[in-house]
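Below is one structure; the comments refer to it alone.
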Amino acid sequence: MNTNQDPNMNDQKKRRSMLIYIIVALVAYLLVSQALFPQIRNASVTKVDYSTFLTDIEQDKVKEVELNTGSGTIRYTLKDAEESHYNETTQFPNDTDLVSLLREHNVDFSAKIPDASGDLWLYMLLSYVLPLVIFIGGGWLLNRRLRKQMGDDNSMNFGSGGFFGGGMGGLGKSNAKMVKGEDTGVTFHDVAGQDEAKDSLVEIVSFLKNPDKYTAIGARCPRGALLVGPPGTGKTLLARAVAGEAGVPFFQISGSEFVEMFVGRGAAKVRDLFKQASEKAPCIVFIDEIDAVGKRRDTSINSNDEREQTLNQLLSEMDGFDNQKGIVVLAATNRPESLDQALLRPGRFDRRIPVELPDLAGREAILKIHADDVKMEPGIDLSVIAKSTPGASGADLANIINEAALRAVRNGRNRVSQEDLIESVDVVIAGEKKKSTVLSEHEKEVVSYHETGHAIVAAMQKGSAPVTKITIVPRTSGALGFTMQVDEDEHFLTTRQEAKDKIAVLCGGRAAEELIFGEMTTGASNDIERATALARAMVTQYGMSEKFGMVALGQQRNRYLGGGSELTCSEGTAQEIDAEVQRLVEEGHQTALKTLQENRFKLHEIAHYLQRKETITGQEFMNILTRDDGFAPKMAAAKTE
């Protein structure tokens, strides 16, 4: 059998088999009904009154009569009627002359004295029991066949072939996908930018390969490792790489698949998962998004009993299995603060492995891995792209390479150029160019001054990242333009002055609008949001406020999902925080206004140039800004205190 068969194809085959079974069962039921109840096959009944019945007899229209003494009804057929049609009436009480009348007109008649209990049992048997037996029996046979077929597949979905895809036959099955280690197609060579995480997992691989070396000294393999980091950083890829390096079976399941509507089913799935893992040991069990089932328990009256039972079963299984067999549980989450503390203690998840966003060297290494799968022109410099994408995840970088390849195809080329890569960075960061949006000349002028304002304030700031690109081409993200800055070196710390400089740069666009047009537009909404967020973080998290000093006044809600922060102070202090945030933003605003006022002529010159060209490079911008035409700025003296 093909070991690389697509699981979706298996699901389609199972659905087709189930549909065929349902059709066959319905046809069988209809055939049984036709065979066992011929009297109702095509029969039609006409209700008549008793006087009509007597009139038909007297006019010699009646062929035969059946008297049902149990129900008191009379069924009779007419001589000229179809065989499957009969009339029905209710017998008139105390009519002793009926038999004589029938004999007088030579009508065949008979009496039916039913056995009530016998007819009832026969009716129940044929109407309810027999179809149910056929239905369940056929489902059981089909389930056995499907499970047998799945048992021969190396990439099978355990328990998914139950009654109607997870009913009776799939009750309590884990639905975990198992792949042989060598079939994952991933090793540590396919993972870049996560050297520290790989180093933490190498020991687990070594134990799975050579357990005797560790048991000889009395060491035990970690029961579990928790991979923690932002989305797209390669947590699942790392787990598959561990299985690929160790060459052991790999069970993968999402935490949400344990959560069921019926109490007890989630716990049954956990038991089934670890039972399968025990049979395939040594192996790796990977639970993705474990926060869906491992959330912290509480005493709330609205707590989810099913989820807590599932979590309790997971805790019990992780405590109970014999890790000398080599069962390692890996889990991934980007919400570690929400996990139950009992799940995080040593003996369950012994190691917490951060899988952070890659640094400059890591981004370049990731780009190289994905670029190997794409045809590139000679002389491509991926370090430029790596510098242009601070804060990008591995998934973002893979998308940049793919977007560059798509752009090359659209332009009729068979190799990716440096220009394709640079443009793909803009696509991933700001979206595609929006062809349907055409700015008026006045709006284009406003956007030009806005973006030039950002660029000049950034260029005047000490230690600010150099401007590499300015554009006023609208993007699908909603931006009417943007100014790109790229740090020459990787920075992991931000000083108080650098934070204030960033706020000033963010205020540069609105300051240019006020200075040139004496008016404000909605184009600065995103700048205002980012400047306010940075100022609030300076006050509540970084301790960079002169008024409050080194005091934490807020708590970050989620480090990896960008959930912002919430205040942990009194209402009175919160009002003072708002005033301090407003002061910091206004200080940056005034700095931007002052900087642009001092460089007003360069602001006009660069804005008009940008309006004509729509997109200019950082080098073009700096050439105009530093050109000595009597208005060149004094770069060295441009410091903000």
Whichever residue in region 54-85 is farther than 14 Å from LEU102 by Cβ and in a strand (DSSP E or B) and, among such residues, is modelled with the highest pLDDT: LEU78
Hey, GLY391 out of contact with any Phe, Trp or Tyr (no Cβ under 9 Å at 6 or more places or on another chain), surrounded by fewer than 22 Cβ atoms within 10 Å (Cβ to Cβ) and of a type in the set (Gly, Ala, Ser) or not: yes
Tally, over region 454-504, of residues that are within 35 Å of the chain's Cα centre (by Cα), charged (D, E, K, R) and part of a loop (DSSP other than H, G, I, E, B): 3
Filtered residue count, region 591-623, keeping only those that are within 44 Å of the chain's Cα centre (by Cα) and free of Cβ contacts under 8 Å to residues at least 40 places away in the same chain: 4
Within region 546-628, strands (runs of 3 or more DSSP E) holding 1 or more residues that are at pLDDT 90 or above and of a type outside the set (Ser, Thr, Tyr): 615-617
Cβ pairs under 6 Å, 6+ apart, first in region 463-485 and closer than 14 Å to VAL505 by Cβ, second in a strand (DSSP E or B) and of a type in the set (D, E, K, R): MET484/LYS469
Lone unmet requirement of (1) at pLDDT below 85; (2) more than 22 Å from the chain's Cα centre (by Cα) for GLU257: (2)
Residue list for region 515-543, filter: in a loop (DSSP other than H, G, I, E, B), in contact with a helix residue (DSSP H, G or I) (Cβ under 7 Å, 6 or more places away or on another chain) and not polar (S, T, N, Q): GLU519, MET520
Selection count, region 544-563, where residues are over 30 Å from the mean Cα position of the chain (by Cα) and on the phi > 0 side of the Ramachandran plot: 1
Any hit, region 285-306, residues being over 21 Å from LEU344 (Cβ atoms), at pLDDT 80 or above and not aliphatic (A, V, I, L, M): no
Filter result for the condition that a residue is within 15 Å of LEU314 (Cα to Cα), buried (at least 18 other Cβ atoms within 10 Å of the Cβ), at pLDDT below 90 and not small (Gly, Ala, Ser), over ARG265, ARG271: ARG265
Top-ranked residue in region 557-600 [being touching a helix residue (DSSP H, G or I) at 6+ places or on another chain (Cβ under 9 Å) and among the β-branched types (Val, Ile, Thr); ranked as surrounded by the most Cβ atoms within 10 Å (Cβ to Cβ)]: THR595
Checking ALA392 against (1) assigned to a helix (DSSP H, G or I); (2) among the aliphatic types (A, V, I, L, M); (3) under 25 Å from PHE492 (Cα atoms), the condition it does not meet: (1)
Output for region 601-621, where each listed residue is surrounded by 15 or more Cβ atoms within 10 Å (Cβ to Cβ) and charged (D, E, K, R): LYS602, GLU605, GLU614, GLU620
Helices (runs of 4 or more DSSP H) contained entirely in region 303-381, each with at least 3 residues that are closer than 23 Å to ASN402 by Cβ and hydrophobic (A, V, I, L, M, F, W, C): 360-371
Flag if VAL205 is closer than 15 Å to VAL248 by Cβ, modelled with pLDDT of 80 or more and crowded, with 22+ Cβ neighbours inside 10 Å: yes
Every residue from region 449-501 that is surrounded by 17 or more Cβ atoms within 10 Å (Cβ to Cβ), basic (Lys, Arg) and within 25 Å of ASN623 (Cβ to Cβ): LYS469
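The values are calculated or read from the model by the stated rules, or taken from the named source; none is laboratory data. Remember, it's a predicted structure, so these values are computed and weren't measured experimentally. Note: ideal-geometry Cβ built from the backbone for every residue, glycine included; neighbour counts use all protein chains shown.
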